[in-house]
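The values are calculated or read from the model by the stated rules, or taken from the named source; none is laboratory data. The structure displayed is predicted, hence computed values, not measured ones. Here the Cβ is made from the backbone with ideal geometry for all residues, glycine too, and neighbour counts use every protein chain on show. Accessible surface is based on the protein model in full, side chains and every heavy atom, while ligands, DNA and RNA are left aside. Shrake-Rupley method; radii C 1.70, N 1.55, O 1.52, S 1.80 Å.
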Amino acid sequence: MIVKSRVESLELQILRMLNARMNLSPKDYSNYLYLEKGYEGEVTFDHWMEEVEKGYLVVNDLILEYGNTKFQIDSLFISKIIHLFEVKYFEGDYFIEGDRWYTNKGVEIKNPLHQMERAESLLRRMVRDLGFNINIESTLVFVNPNFYLYQAPRNLPIIFPNQIPRLQKNLQKQTAPIKNTHNNLAERLLSLHTLDSPYKRLPEYSYESLKKGIACSHCHTVNTIVTRKTLICTSCGKWENIHEAVLRSVRELQLLFPKEELTVNKVHEWCNSIKTKKPIRKTLLENFTLTGSGRATHYVSKGE
Ligand SMILES: [Zn+2]
């Protein structure tokens, strides 16, 4: 049973928007691709685990803090023991020398086992402090079939893509009835999940400097045109109802500029390609609350 499902991180969502609307620096662009791949890997892992998840309490994407140290967990499967999974979508050939990991070109990368061991040790202390006595077992899972690791010692807690079916079977064999303790633990961990604010890590951008237009929901480019009721992407051919497209653009505006006031004119300018303001006003009225009067009229999220 999934207790917390996976969502794209704010950082990934925003970088994806920015990538479509400005030129990211090589460093920001490679960070963006890294996050995009990471998410793809986690989604692949979730697909593999769909059946297995039924026997566990599954908590995805946890950001926790123990003793002022933040750590992130890709997936926790809670039953009589806790399985911690660190998921990687590495592609290509890598090799290990001692404790160090390298790409096939000899560039050293961060040892992913260290990251996992650190998370495991912090989680162990946290679980103990919460008053639970339950073992934790960690596994590093590589999900990309085009990944190969040379010189990997046999005893590492690693699962390679062709071993995933075996992992599924083993996990299914280990399931036990979920008890109150497990529910309590899942709830406690969930309540300690912290939201990560990405804004400090993002590249600088301004409203004026960003390319305007409605981004495609499929390929995320702003190469779209608008007919009366439909958004059409000239890059990938996707069609979308105009109201859905406008609503998505408004959410985008809110994420990129959380302090900006939402007005019909602003959204009209942001969407760029819509001739009349009618569909914009309609979408805003249906999904947001109108506040203020005269020139100060603007929209806020419902419940604010
Ligand atoms: Zn598209």
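Miscellaneous remarks
- To the nearest 10, the accessible area of residue 205 is 50 Å² with a 1.4 Å probe.
- Principal semi-axes of the equivalent ellipsoid, √(5λ) from the alpha carbon gyration tensor of the range 76-158, are 29, 13, 10 Å from largest down.
- The alpha carbon centroids of the range 131-149 and the range 260-302 are separated by 46 Å.
- 3J(HN,Hα) along the range 195-209: 7, 9, 8, x, 4, 5, 8, 7, x, 6, 8, 9, 4, 4, 7 Hz, from the Karplus curve 6.51 cos²θ - 1.76 cosθ + 1.60 with θ = phi - 60°, whole Hz, x for Gly and Pro.
- Of the residues 150, 132, 194, the one whose Cα sits farthest towards the positive end of the charge dipole of the range 128-197 is 150 (charges of +1 on Lys and Arg Cβ, -1 on Asp and Glu Cβ, taken about the Cα centre).
- Here is the size of the range 206-301 from its Cα atoms: Rg then Dmax, 13.0, 41 Å.
- Based on DSSP H segments of at least four residues, each scored -39500 (n - 2.57), the chain has a per-residue ellipticity at 222 nm of -12000 deg cm²/dmol.
- Solvent accessible area, Å² - residue 236, 1.4 Å probe, full protein context: 60 Å²
- DSSP-defined antiparallel bridges as percent of all bridges, the chain, nearest 5: 65 percent
- If only the Cβ of Lys and Arg carry +1 and only the Cβ of Asp and Glu carry -1, the dipole of the range 206-301 around its Cα centre is close to 320 debye.
- Radius 14 Å from Cβ of residue 253, net charge of other residues (Lys, Arg +1; Asp, Glu -1): +2
- Accessible surface of the range 189-304 [probe 1.4 Å, protein heavy atoms]: carbon and sulfur percent: 52 percent
- Helix 112-129 and the longest principal axis of the C-alpha atoms of the chain enclose an angle of approximately 90°.
- Greater than 31 Å apart at Cα, pairs in 88/259; 27/259; 37/70; 278/302; 4/37; 229/266: 88/259
- Counting every alpha-carbon pair across the range 1-75, the share separated by more than 21 Å comes to 41%.
- Our note on the geometry: Cα centres of the range 69-109 and the range 153-178, 15 Å apart.
- For residue 63, the accessible area of its heavy atoms, probed at 1.4 Å with every protein chain present, is near 40 square angstrom.
- Over the chain, volume per residue of the alpha carbon convex hull, in Å³: 175 Å³
- Computed over the range 27-145, the P(r) curve from all C-alpha pair distances, binned at 5 Å from the origin, holds 2, 10, 18, 22, 19, 15, 10, 4, 1, 0 percent per bin.
- Cysteines (scope the chain) whose Cβ has no counterpart Cys Cβ under 4.7 Å: 271
- The chain - accessible surface per residue (Å², probe 1.4 Å): 56 Å²
- Cα centroid separation - the range 223-258 against the range 25-55, whole Å: 24 Å
- About the Cα centre, charge dipole magnitude for the chain (Lys/Arg +1, Asp/Glu -1 at Cβ), debye: 860 debye
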